[in-house]
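Data block below; observations after.
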Amino acid sequence: ILKALQRQSDAIRRALQKYNMHAGRVSPPRPHLTWKEIVEYSFLGEFELLRHSRNDIREERWAQPAYREATLKYLQLQRAHEKIQRLNIEMCRLRTAMHDEAHHTRSVIKALSLTDSHLAAEIQRRWNLRQAVNSLHTVRLDRIELMAGF
């Protein structure tokens, strides 16, 4: 994320330099902008630079606050659906990991019980605690799988 922000920041700074270089050459001259001013613009309607462009794009339908908000909500909804799909996959992975861990731990405890019963008993004690937590996870996963969208 940091690299993407730095790339975008660099691109905005270069565009700002080009704008300021040409701002005084056009008729009527346009105001010079600073990086601080650019950062402080909170939404499209405040961006004074756009008013001086060839077409005032602030008047376009997509630039109106209601349309922007609707678009943002739609995109957020799309991201939510994508997150649900990823979480469904992660739930399956968690179930598989818990199953594999149980199988492996039982075989380790069984093997150790023949060679080092004290270590096997300690691992069994810790495994019992872990299994209790895994049981809670399993109950919650079962509930989630009953929900629409799974």
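Quick notes on this one:
- Simple label model, 7 Å out from Cα along Cβ direction - Val139 to Arg13, nm: 5.5
- Using θ = phi - 60° and Karplus 6.51 cos²θ - 1.76 cosθ + 1.60, couplings along region 7-12 (whole Hz; Gly, Pro as x): 4, 5, 4, 4, 5, 5
- Calculated FRET value between Asn128 and Leu87, using beta carbons and R₀ = 25 Å, to 0.05: 0.30
- Distance between the 7 Å Cα→Cβ label points at Ile109 and Lys73: 5.3 nm.
Throughout, read-outs are computed from the coordinates displayed, never taken from laboratory work. Bear in mind that the values here come from a model prediction, so they are computed numbers and not experimental data. Because the Cβ atoms are built from the backbone with ideal geometry, glycine has one as well, and the counts that use them run over all protein chains shown.
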